[in-house]
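The values are calculated or read from the model by the stated rules, or taken from the named source; none is laboratory data. None of the values given here were measured: they were computed from a predicted structure. Positions of Cβ are generated from backbone atoms using ideal geometry, with glycine treated the same way; all protein chains shown enter the neighbour counts. Side chains are part of the model used for accessible areas, which takes the heavy atoms of the whole protein and leaves out ligands, DNA and RNA. Shrake-Rupley method; radii C 1.70, N 1.55, O 1.52, S 1.80 Å.
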Amino acid sequence: MASNGKGGSVAAAVAGIAESAARELGLTVWDVRFVKEGAGWFLRVFIDKEGGVGIEDCEAFSRLIDAPLDELDPVEHGYCLEVSSPGVERDLTRPEHFAACAGKKVKLRTIRPVDGQRDFSGVLESYDNGMITLRAADGPAMNVTKKETSFIKLDDFK
């Protein structure tokens with residue numbers, strides 16, 4: 001689920017445990033990330049379900065993966081496990097994220113300016129092999145590759 005460096009290999013190792021636990025609880029795993037922030041390491045598992053997740057879902061999921069994580073022992077040093085919802089402005093990082101959000105409003109930031117602008121919002125029309133098609137409310141469709149973006153997020157504020 002995460003893709004590069006040490007964080008990616010830990011996240012990939014944890015993904016199987018997370019997916020199994022999520023299925024057991026009627027949840028889905030949106031993403032798994034293992035990141036260093038300051039002096040600490042964080043294993044973040046983002047879970048979801050129709051209608052959204054609550055604190056009870058996060059607690060149940062955390063309890064269910066605790067023993068399997070201890071058994072797998074994917075990290076040779078201390079870390080903090082965080083389980084949460086991906087939120088209303090969830091990051092779109094994987095092809096399945098884009099498929100789930102097709103037809104929905106998103107916002108994205110490009111690494112380099114496009115026509116003097118870096119921030120765009122509109123409806124996600126499609127995602128095909130790294131190519132994002134975004135249609136702004138007041139203009140034509142825009143095509144940009146995923147690798148040319150800093151982020152792509154669901155813009156779920158109504």
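Compared with the dominant Cα axis of the chain, that is its longest principal axis, helix 5-24 is turned about 80°. Relative to its residue count, the chain spans a Cα convex hull of 131 Å³ per residue. For segment 98-115, the Karplus equation 6.51 cos²θ - 1.76 cosθ + 1.60, evaluated at θ = phi - 60°, returns couplings of 5, 4, 5, 9, 4, x, 9, 6, 9, 10, 9, 10, 8, 5, 10, x, 10, 6 Hz by residue, with Gly and Pro reported as x. Secondary-structure-derived ellipticity at 222 nm for the chain, considering helices only, amounts to -9500 deg cm²/dmol, per-run term -39500 (n - 2.57) for DSSP H runs with n ≥ 4. When Rg and the Kirkwood Rh are both derived from Cα coordinates, the Rg/Rh ratio for segment 118-158 amounts to 0.93. Across the accessible surface of the chain, with the other protein chains kept in place and a 1.4 Å probe, carbon and sulfur atoms take up 49 percent.
Rounded if a/c is under 1.5, else prolate if a/b beats b/c, else oblate: with a ≥ b ≥ c from the C-alpha gyration tensor eigenvalues square-rooted, which is segment 25-88? Cα axes put segment 25-88 in the oblate bin. Per-residue 3J(HN,Hα) values for segment 87-93, derived from phi via the Karplus relation 6.51 cos²θ - 1.76 cosθ + 1.60 with θ = phi - 60°, read x, 6, 9, 4, 6, 9, 10 Hz in sequence order (x marks Gly and Pro).
Remark on Ser126: its backbone amide H falls under 5 Å from those of Thr133, a criterion applied only to residues 5 or more positions apart or on other chains, H modelled at 1.01 Å from N. Only Lys, Arg, Asp and Glu carry charge here, each on its Cβ (+1 for the first two, -1 for the last two); on that basis the chain has a dipole of about 740 debye about its Cα centre.
Estimated from the Cβ-Cβ distance and a Förster radius of 22 angstrom, the FRET efficiency linking Glu59 and Val35 is about 0.50.
Placing unit charges on the Cβ atoms of the charged side chains and taking the dipole of the chain about its Cα centre, the candidate lying farthest along the positive direction among Leu92, Leu25, Ala60 is Leu92. For the chain, the longest principal axis of the Cα atoms and the long axis of helix 55-72 meet at an angle of about 60 degrees.
In loop segments of segment 37-98 as defined by DSSP, the trypsin sites (Lys or Arg not before Pro) with at most 15 further C-beta atoms inside 10 Å of their C-beta are Lys49. Result for the chain in a Gaussian network model with C-alpha springs under 10 Å: among Gly51, Gly16, Gly26, the largest mean-square fluctuation is at Gly51. The mean sequence separation of alpha-carbon pairs under 8 Å and at least six residues apart, normalised by the residue count of segment 11-158, gives a relative contact order of 19 percent.
Taking a straight line from the alpha carbon of Lys107, these aspartates and glutamates sit under 12 Å away, with near neighbours fewer than eight places off in the same chain left out: Glu89, Asp91, Asp119, Asp155, Asp156.
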